[in-house]
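The values are calculated or read from the model by the stated rules, or taken from the named source; none is laboratory data. Computed from a predicted structure; not experimentally measured. Cβ placement follows ideal geometry from the backbone for every residue including glycine, while neighbour counts extend to all protein chains displayed.
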Amino acid sequence: MAVSRDRAHQSWRAAERVKGLSDRLIGVGPFGIGLDGVLAWVPGLGTAYSLAAGGLLILSGVTGGASLATLLRMGAYLAADSVSSTVPIAGWAIDTLFPAHLMAAKALQKDIEKRHGPAEMPLGWGGRKKAPKGKLRNITPR
């Protein structure tokens, strides 16, 4: 199935949102923590969030036309993250430190960029200076 450039870039932006929310709400250098890490310490809720965010990433991958290899890689990251959160204490700590959603989102974004070029996002995303109304900018994933 051929996917339009616009649809692929919508999937790229959806992955950017999940990546930021799940694993980069608070970032210090190359390290960050997001809802996935915080909610990992709440039994049941952490696993539910991880599965829901992972499902959104996989859905974005499918609708964005990602390759089967990329979808399988994303699934492996997300499965490891979700399984680790089922183990009390040690698993929750691993889930807090393992940025599976970030890794899966980056894999999807690289696949989309390879096929459709860089995506455009509003300048206000990611704590950057706000763009004039309606303006976009080209970005590449971090």
Requested in this report: Within the range 37-66, track down each residue that is hydrophobic (A, V, I, L, M, F, W, C), more than 12 Å from the chain's Cα centre (by Cα) and surrounded by fewer than 19 Cβ atoms within 10 Å (Cβ to Cβ).
Outcome: Val38, Trp41, Val42, Leu45, Ala48, Leu51, Val62
Query raised in the report: What about Ala69, is it farther than 24 Å from Glu120 by Cβ, exposed (fewer than 15 other Cβ atoms within 10 Å of the Cβ) and not hydroxyl-bearing (Ser, Thr, Tyr)?
Result: yes
Requested in this report: With respect to Ala93, determine if the residue is at pLDDT below 95 and among the aliphatic types (A, V, I, L, M).
Outcome: yes
Query raised in the report: For the range 48-79, which residues satisfy the criterion of being polar (S, T, N, Q) and out of contact with any helix residue (DSSP H, G or I) (no Cβ under 9 Å at 6 or more places or on another chain)?
Result: none
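So, of the residues in the range 97-119 that are within 17 Å of Gly20 (Cβ to Cβ) and not in a helix (DSSP H, G or I), which turns out to be modelled with the lowest pLDDT?
Filtering the range 97-119 for residues that are within 17 Å of Gly20 (Cβ to Cβ) and not in a helix (DSSP H, G or I), the one modelled with the lowest pLDDT comes out as Ala119.
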Query raised in the report: Of the residues that sit in the range 82-103 and are surrounded by 16 or more Cβ atoms within 10 Å (Cβ to Cβ) and among the β-branched types (Val, Ile, Thr), which one is nearest to the chain's Cα centre (by Cα)?
Result: Thr96
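Per-residue answers, yes or no, for (1) farther than 24 Å from Ser4 by Cβ; (2) touching an Asp or Glu at 6+ places or on another chain (Cβ under 9 Å):
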position: Tyr49; (1), (2): yes, yes
position: Ala53; (1), (2): yes, yes
position: Leu56; (1), (2): no, no
position: Ala76; (1), (2): yes, no
position: Ser84; (1), (2): yes, yes
position: Phe98; (1), (2): yes, yes
position: His101; (1), (2): yes, yes
position: Lys110; (1), (2): no, no
Report task. Kindly check whether there is at least one residue in the range 26-36 that is in contact (Cβ under 8 Å) with a residue 12 or more places away in the chain, assigned to a helix (DSSP H, G or I) and either surrounded by fewer than 18 Cβ atoms within 10 Å (Cβ to Cβ) or not charged (D, E, K, R) (or both). Result -> yes
